[in-house]
Amino acid sequence: MKNFYFGNYNFHIGYNEKLSHLAYAAADFLLMPSRVEPCGLNQMYALRYGTIPIVRRIGGLKDTVLDMGDGGFGICHDQTSISDINHSIKRAIELYQNTKKKTLIKVGMEIDHSWIQ
């Protein structure tokens, strides 16, 4: 059992710009259960790469990610409790198996978060 996951995971401690781009592009979902988030750019990077954000409704996350249940393009929860986060992850698993996911990805990638409107 010790080598069951051998070759299936990796980690990097430190800053690596190229690796961060690869991670956003390769992921299906980005989990951001922040307790505090005054701004938040990671969810916007994720959307641009076609990664669906799973966020807590707080600060900049609340302002930039609309829940798919409300006609949006992400998955949101209200608290950082295990049950709220677990419910969001279950919604993500259901979405992963649904063709609606492609529509959300496309909508998220087309959002213009620039200041020029």
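The values are calculated or read from the model by the stated rules, or taken from the named source; none is laboratory data. Remember, predicted model here, so these are calculated numbers, not experimental data. Every residue, glycine as well, gets a Cβ built from its backbone with ideal geometry; the counts of neighbours run over all protein chains shown. With ligands, DNA and RNA removed, areas are computed over all heavy atoms of the protein, side chains included. Shrake-Rupley method; radii C 1.70, N 1.55, O 1.52, S 1.80 Å.
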Does any residue in the range 75-97 that is under 18 Å from Gly108 (Cβ atoms) come within less than 8 Å, Cβ to Cβ, of a residue that is open to solvent by 50 Å² or more (accessible area, probe 1.4 Å) and of a type in the set (Asp, Glu) six or more places away or on a different chain, and which pairs are these?
Ala92/Asp28; Tyr96/Asp28
List the number of the failed condition for Glu37; all other conditions in (1) within 19 Å of Val107 (Cβ to Cβ); (2) open to solvent by less than 60 Å² (accessible area, probe 1.4 Å); (3) of a type outside the set (Val, Ile, Thr) hold.
(1)
Members of the range 98-108 that are of a type in the set (Val, Ile, Thr) and without any contact (Cβ under 8 Å) to a residue 12 or more places away in the chain:
Thr99, Thr103
Report whether or not Gly72 is out of contact with any His (no Cβ under 9 Å at 6 or more places or on another chain) and closer than 25 Å to Ser114 by Cα.
yes
Looking for something within 20 Å of Ser20 (Cβ to Cβ), open to solvent by 80 Å² or more (accessible area, probe 1.4 Å) and of a type in the set (Phe, Trp, Tyr) - is there at least one such residue anywhere in the range 44-62?
yes
Answer from Pro53, Pro38, Pro33 - the residue that is within 13 Å of the chain's Cα centre (by Cα) and either among the hydrophobic types (A, V, I, L, M, F, W, C) or modelled with pLDDT under 90 (or both):
Pro33
Collect the residues in the range 70-85 that are touching a helix residue (DSSP H, G or I) at 6+ places or on another chain (Cβ under 8 Å) and open to solvent by 60 Å² or more (accessible area, probe 1.4 Å), keeping them in residue-number order.
Asp78
Only one of Glu37, Glu94, Glu17 is of a type in the set (Asp, Glu) and touching a helix residue (DSSP H, G or I) at 6+ places or on another chain (Cβ under 7 Å), namely Glu37
